[in-house]
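Student: Here it is: the structure, laid out below.
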Amino acid sequence: SLLSAPALRAFRKVMPPMSTTEKEAIDAGTTWWEGDLFRGAPDWNKLHSYPKPRLTEEEQAFIDGPVEEACRMANDFQITHELADLPPELWA
């Protein structure tokens, strides 16, 4: 609250007012914690009480397999300074 209240006040000054549609969506009760945030009253304890999301076995296998392999194949310097693109073997 010590940091978030001044930050929210500053944020409100630079952001346009909430549209009718946005207000209706938030008031409909179909929002998650972000509804509290957009109302300007974030309940940090509520946010921290939600269980941490977990990947399914299939998702974790994808991260551990193809994603890990792609990361090993990637060379940041080559991608950003030489090719300005991913190397062809990563597109395959």
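Quick note: the coordinates plus some simple rules give every number you see, no bench work behind them. All values derive from a computational prediction rather than experimental measurement. Here Cβ is always computed from backbone atoms with ideal geometry, including for glycine, and neighbour counts include all displayed protein chains.
Student: Report, in deg cm²/dmol and to the nearest 500, the calculated mean residue ellipticity at 222 nm for the chain, where each DSSP H run with n ≥ 4 adds -39500 (n - 2.57) and the sum is divided by the residue count.
Tutor: Roughly -13000 deg cm²/dmol at 222 nm, from the helical runs in the chain.
Student: Enumerate by residue number the trypsin sites (Lys or Arg not before Pro) in the range 4-60 meeting two conditions: DSSP loop (anything except H, G, I, E, B), and at most 14 other Cβ atoms within 10 Å of the site's Cβ.
Tutor: R54
Student: Apply 1/(1 + (r/R0)^6) to the Cβ-Cβ distance of E59 and D27, taking R0 = 25 Å, and write down the FRET efficiency to the nearest 0.05.
Tutor: 0.15
Student: If R₀ is 22 angstrom, what is the calculated FRET efficiency for the pair K52 and S4, using the beta carbon separation as r and rounding to 0.05?
Tutor: 0.55
Student: To continue, here is another question. Can you give the extra length, in nm with one decimal, that the chain gains between N45 and A92 once fully stretched, where that is 0.36 nm per residue apart less the Cα-Cα distance?
Tutor: Once the chain is fully extended between N45 and A92, it gains 12.4 nm.
Student: Could you list the chymotrypsin sites (Phe, Trp or Tyr not before Pro) in the chain that lie in coil according to DSSP, counting only those with at most 11 other Cβ atoms within 10 Å of their Cβ?
Tutor: Loop-located and lightly packed - W32.
Student: At 7 Å along Cα-to-Cβ for each site, give me the label-to-label distance between M15 and A74 in nm.
Tutor: Going from the M15 label point to the A74 one covers 3.0 nm.
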